[in-house]
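To start, the structure under review is shown below, and the notes come after it.
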Amino acid sequence: MVTAPGTGRQDPSAEVLAEAAAAFGLLASPARLHIVWALIQGESDVTGLAERVGGALPAVSQHLTKLKLAGLVRSRREGRRQVYFVDTAGQAAVDVVRLLVGRLTEQDAATTAPARRLRGL
């Protein structure tokens, strides 16, 4: 690891940066972002998530599988249902989603041109 000049802090390892990039790459999908956003608000089963995000049940299920593999969400069985919720191990990435999507939502409510400046960066 390299220490950043003047900060006394070490730069993250290549492995940590690769893991973060993979998490951000996974969250680059609007559907997955919407699912994580919904789960930040409260736990849900796949049917409730599909209704909320407007996706087909199989597609939402596949997104949830990927989010689980990345450690961003977890599930537990309640009878015949799987209930999904935010995984505390992935809390840092979820906090970024909460902050960014929340802020963009506030800006969208205040203006008519929501975050178009971010496209193509």
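The values are calculated or read from the model by the stated rules, or taken from the named source; none is laboratory data. Quantities reported herein were computed from a predicted structural model and do not represent experimental measurements. Cβ sites come from the backbone with ideal geometry, for glycine too, and all protein chains shown count toward neighbours. Side chains included, ligands, DNA and RNA excluded: accessible areas come from the protein's heavy atoms. Shrake-Rupley method; radii C 1.70, N 1.55, O 1.52, S 1.80 Å.
Going by the structure shown, is residue 83 out of contact with any helix residue (DSSP H, G or I) (no Cβ under 8 Å at 6 or more places or on another chain), surrounded by 14 or more Cβ atoms within 10 Å (Cβ to Cβ) and β-branched (Val, Ile, Thr)? Let's see the steps before the verdict.
Values: out of contact with any helix residue (DSSP H, G or I) (no Cβ under 8 Å at 6 or more places or on another chain): yes; surrounded by 14 or more Cβ atoms within 10 Å (Cβ to Cβ): yes; β-branched (Val, Ile, Thr): yes.
It is true that residue 83 is out of contact with any helix residue (DSSP H, G or I) (no Cβ under 8 Å at 6 or more places or on another chain), surrounded by 14 or more Cβ atoms within 10 Å (Cβ to Cβ) and β-branched (Val, Ile, Thr).
Within the stretch 59-70, is even one residue surrounded by 15 or more Cβ atoms within 10 Å (Cβ to Cβ), modelled with pLDDT under 90, closer than 17 Å to residue 45 by Cα and out of contact with any His (no Cβ under 6 Å at 6 or more places or on another chain)?
no
Residues in the stretch 36-58 that are in contact with a Gly (Cβ under 9 Å, 6 or more places away or on another chain) and modelled with pLDDT of 95 or more: how many?
Of the residues in the stretch 36-58, 1 are in contact with a Gly (Cβ under 9 Å, 6 or more places away or on another chain) and modelled with pLDDT of 95 or more.
Do we find that residue 54 is of a type outside the set (S, T, N, Q), under 24 Å from residue 103 (Cα atoms) and free of Cβ contacts under 8 Å to residues at least 12 places away in the same chain in this structure? Working first, answer last.
Working: of a type outside the set (S, T, N, Q): yes; under 24 Å from residue 103 (Cα atoms): yes; free of Cβ contacts under 8 Å to residues at least 12 places away in the same chain: yes.
Here the answer is yes, as residue 54 does meet what is asked.
For the stretch 25-51, which residues satisfy the criterion of being touching a residue at least 12 places away in the same chain (Cβ under 8 Å) and among the hydrophobic types (A, V, I, L, M, F, W, C)?
Those that are touching a residue at least 12 places away in the same chain (Cβ under 8 Å) and among the hydrophobic types (A, V, I, L, M, F, W, C): 26, 27, 31, 33, 35, 36, 37, 38, 39, 40, 46, 49.
Being under 14 Å from the mean Cα position of the chain (by Cα), open to solvent by 30 Å² or more (accessible area, probe 1.4 Å) and of a type in the set (A, V, I, L, M) narrows it down to one residue among 14, 22; which is it? It would help to see each step written out before you state the result.
Working: 14 fails: under 14 Å from the mean Cα position of the chain (by Cα).
Just one listed residue meets the conditions, 22.
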